Amino acid sequence: METRINDCYREERFAELAFAYAPVGLVVTENRVIRDCNIAFAAMFGYAPEELKDKVFSILYPTDEEFTTIRDRGIRKLRETNTYWDERIMARKDGTLFWCRVRGHSFTPDQPLQRAVWSFADLSEVRPYRDLTRREREIVSYLADGLTSKEIALKLDLSYRTVEVYRAKLLKKFGVANSSALFHALGEIDGEHVVTKDSK
């Protein structure tokens with residue numbers, strides 16, 4: 001490793017050095033396939049960089065549903081601004097789940113996911129993962145997006161009353177009085193950028 005670093009300095013290949021050893025996870029993708037990633041990104045998920053090369057990004061998501069949901073949301077934002085960020089739950093190689101902050105930039109704005117670069121930051125120290133059922137995570141996600149119980153009911157094809165019951169159970173589970181306090185209990189979730197879906 002030291003030889004590579006010295007070579008990069010001597011040959012002024014600083015971009016290569018910065019990518020490889022940045023203290024945040026960096027990944028270059030093509031149509032949601034990992035083309036290259038740095039050491040920090042691979043380590044965050046419990047892999048070596050070479051294990052992730054040319055793998056479909058879905059292996060890092062808790063569920064296929066979440067992989068699809070985030071894709072749909074990301075495409076819209078990238079088309080609008082060519083940048084995207086959110087805070088989401090991802091899965092490590094050993095199956096453990098954790099919160100991370102994701103930021104992205106597309107090189108192909110007309111087809112946002114064709115070629116892009118992303119940064120990933122592990123939020124485990126400030127936001128430990130709290131176990132929620134699939135439905136609880138859906139409800140929290142939509143509440144964080146500012147949707148009312150009626151709007152959530154329409155999105156999930158549930159009755160308004162069922163959503164209210166889930167919301168009440170969540171408040172009781174975390175010992176809080178309202179949605180704002182619930183987000184605080186979950187680790188200061190920024191509602192505009194939270195994506196959490198699970199199929200379990």
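The values are calculated or read from the model by the stated rules, or taken from the named source; none is laboratory data. Because the structure is predicted, anything quoted here is derived from the model rather than measured. When we count neighbours, we look across all protein chains shown, and the Cβ atoms used for this are built from the backbone with ideal geometry, even at glycine. Each accessible area value is taken on the protein alone, full model and side chains, heavy atoms only, with ligands, DNA and RNA left out. Shrake-Rupley method; radii C 1.70, N 1.55, O 1.52, S 1.80 Å.
Brief remarks on what is shown
- In a DSSP loop and with at most 15 other Cβ atoms within 10 Å, the GluC sites (Glu not before Pro) in region 50-141 are 125.
- Here's the picture: charge each Lys and Arg Cβ at +1 and each Asp and Glu Cβ at -1 in the chain, and of 106, 1, 165 the one pushed furthest to the positive end of that dipole is 165.
- Net charge of Cβ neighbours under 15 Å - reference residue 78; Lys, Arg +1; Asp, Glu -1: +3
- Hypothetical label at residue 108: residues of region 24-60 whose amide nitrogen lies under 14 Å (7 Å Cα-Cβ projection): 29-35
- Region 112-182 versus region 15-42: alpha-carbon centroid distance in Å: 29 Å
- Label separation (residue 10 vs residue 22): 2.7 nm, computed from points 7 Å beyond Cα along the C-beta direction.
- Kyte-Doolittle mean at least 0.0, axial Cα span of 18 Å or more - DSSP H helices of the chain: none
- Each residue of region 99-114 was assigned a 3J(HN,Hα) from its phi angle through the Karplus expression (A = 6.51, B = -1.76, C = 1.60, θ = phi - 60°), giving 7, 9, 9, 10, 10, x, 9, 9, 8, 10, x, 5, 10, x, 9, 4 Hz with x at Gly and Pro.
- In region 62-159, inverting the average of 1/r over every pair of distinct C-alpha atoms gives 14.9 Å as the Kirkwood radius.
- Total charge dipole magnitude, region 68-193, about the Cα centre, Cβ charges on Lys, Arg, Asp, Glu only, Debye to nearest 20: 300 debye
- Solvent-accessible area assigned to carbon and sulfur over region 9-156 amounts to 52 percent, based on a 1.4 Å probe.
- Residue-wise HN-Hα coupling along region 43-56, computed from phi with Karplus coefficients 6.51, -1.76, 1.60 (Hz; x: Gly, Pro): 5, 4, 9, x, 10, 8, x, 5, 5, 9, 4, 6, 8, 6
- With both labels modelled 7 Å from their Cα along Cα-to-Cβ, the residue 151 to residue 77 distance reads 1.6 nm.
- MRE, 222 nm, helices only [DSSP H, n ≥ 4, -39500 (n - 2.57), over the chain, to nearest 500]: -12500 deg cm²/dmol
- A 1.4 Å probe run over the chain, with the rest of the protein chains in place, finds 54 Å² accessible per residue.
- Relative to the Cα centre, the charge distribution of region 1-156, modelled as +1 at Lys and Arg Cβ and -1 at Asp and Glu Cβ, gives a dipole magnitude of about 440 debye.
- Calculated FRET efficiency, residue 173 to residue 56, Cβ-Cβ distance, R0 = 45 Å: about 0.85 to the nearest 0.05.
- Extension gain for the segment residue 131 to residue 184, taken as residue separation times 0.36 nm less the Cα-Cα distance, is 17.5 nm to one decimal.
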